[in-house]
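The values are calculated or read from the model by the stated rules, or taken from the named source; none is laboratory data. The model shown is predicted, which means the values in this text are computed figures rather than measured ones. Please note that ligands, DNA and RNA were not included when accessible areas were found on the heavy atoms of the full protein model with its side chains. Shrake-Rupley method; radii C 1.70, N 1.55, O 1.52, S 1.80 Å.
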Amino acid sequence: MSPVIRPYGDTTGDGMVQLSFTLPMPHSKIADGAALQLATKMGMDPALVVHSKPMGPDYTFFVVYGRVNHLVDPSQVQVVERDFPLLTPKEANAAIKRSLRRRLVVVGACIGTDAHTVGIDAILNIKGFAGEKGLEYYRELKVVNLGAQVSVPQLVDRALAEKADAVLISQVVTQRDAHLLNTREMSAAFREAYPAGKRPLLVVGGPRFDEAMADELGVDRVFTRGATPGEVASFLVHRITTASSRKAS
Ligand code: B12
């Protein structure tokens, strides 16, 4: 049984944490007091405002440092573990060649009004991310990157035209849950446009997704902060080549 733990600040297990937030009030001593009131109500006791800075005339940004009494039980934590092997580009290419005997087609886009392309480009562009080459580097992958602000109907049409094996979408803006609404709209549109069991693999990524939400969003996998091209390629190859070998047998 793993032991319960507490946050560490100055000494082991002292429960000290740091919290940052913004309040819609001008920078003042009253604002500092309001920040302290919030932190205390959240269970930080004692709490200390260690940083407060005006954010324009009407807002103040705070960092509060203080003690919490909550215990953390790591044995109760649930996460989505990687359930596919990590492949090198060479291994991925060989697996695609062996089982598909053609290039695996990937269509990617930022959908809705989202113009944050850096994340999907990190995965798709040849230059890659975190020292790994992007999917365009893989000889056996055909990558069609549609860029920013692609509508769901445009995405579906292009996926059909390209005979996409996988569709990768990115959602970075989360205001009013736009990322969740857009993803659900996208997965519903693919279900409608393709016969059952024939739709491409649907993958969504962005920094504020919860990896455990794949079923709820109607997608096959959710990738989040720090995802690397190698992980994404390995996932695609694993899912698509195992599905095609099941069909062949
Ligand atoms: C750069 C940037 C911009 C650039 C984008 C340029 C571009 N071509 O992408 C510009 C200046 C255009 C911009 C505009 C806006 N932005 Co902006 N932007 C950022 C910023 C600073 C960095 C984002 C980034 O590039 N991260 C680096 C990449 C590599 O990380 P990533 O996206 O998380 O991607 C990784 C993973 O998430 C994952 N991943 C992502 N997508 C996918 C997809 C797939 C398929 C897979 C497998 C994996 C995957 O893999 C990547 C690598 O690990 C963030 C703040 C921040 N520090 O994060 C704000 C931020 C995202 N922006 C924000 C906002 C509000 C806006 C604007 C609305 C501002 C405005 N009022 O105009 C506009 C919206 C424009 C629009 N229509 O979308 C907010 C979003 C808040 C929210 N809760 O939604 C942020 C968080 C800033 C903030 N704190 O307020 N922005």
Would you mind working out the accessible area per residue for the chain, using a 1.4 Å probe, and quoting it in Å²?
58
Under 37 °C and 0.692 mPa s, how fast does the range 148-202 diffuse according to Stokes-Einstein, given a Kirkwood radius computed over C-alpha pairs? Answer in µm²/s, whole number.
281
Can you list the equivalent-ellipsoid semi-axes of the range 64-194, largest first and in whole Å, using the square root of 5 times each Cα gyration tensor eigenvalue?
30, 23, 16
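Take every Cα pair under 8 Å in the range 16-74 that's 6+ residues apart, average their separations, divide by the length, and report that relative contact order as a whole percent.
Reported as a whole number, the value is 45 percent.
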Tell me the relative contact order for the chain as a rounded percent, counting alpha carbon contacts under 8 Å between residues six or more apart.
17
Take every DSSP beta bridge with both residues inside the range 89-248 and express the antiparallel ones as a percent of the total, to the nearest 5.
5
Please provide three numbers in whole Å: the alpha-carbon extents of the range 71-148 along the principal axes, with the largest listed first.
51, 37, 23
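Compactness ratio of the chain: Cα Rg over 2.2 N^0.38 Å, N = residue count?
1.27
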Keeping all protein chains in the complex and leaving out DNA, RNA and ligands, what accessible area do you get for residue 191 with a 1.4 Å probe, in Å² to the nearest 10?
110
Rg/Rh for the range 145-249: what does it come to with C-alpha atoms and Rh from Kirkwood?
0.95
Quick check: at a probe of 1.4 Å, how many percent of the accessible area of the range 16-147 sits on carbon and sulfur atoms?
57
Overall dimensions of the range 16-74 as given by Cα atoms, namely Rg and Dmax in Å:
12.1, 43
How far is helix 29-41 tilted, in degrees, relative to the longest principal axis of the Cα atoms in the chain, given as a value from 0 to 90 rounded to the nearest 10?
70
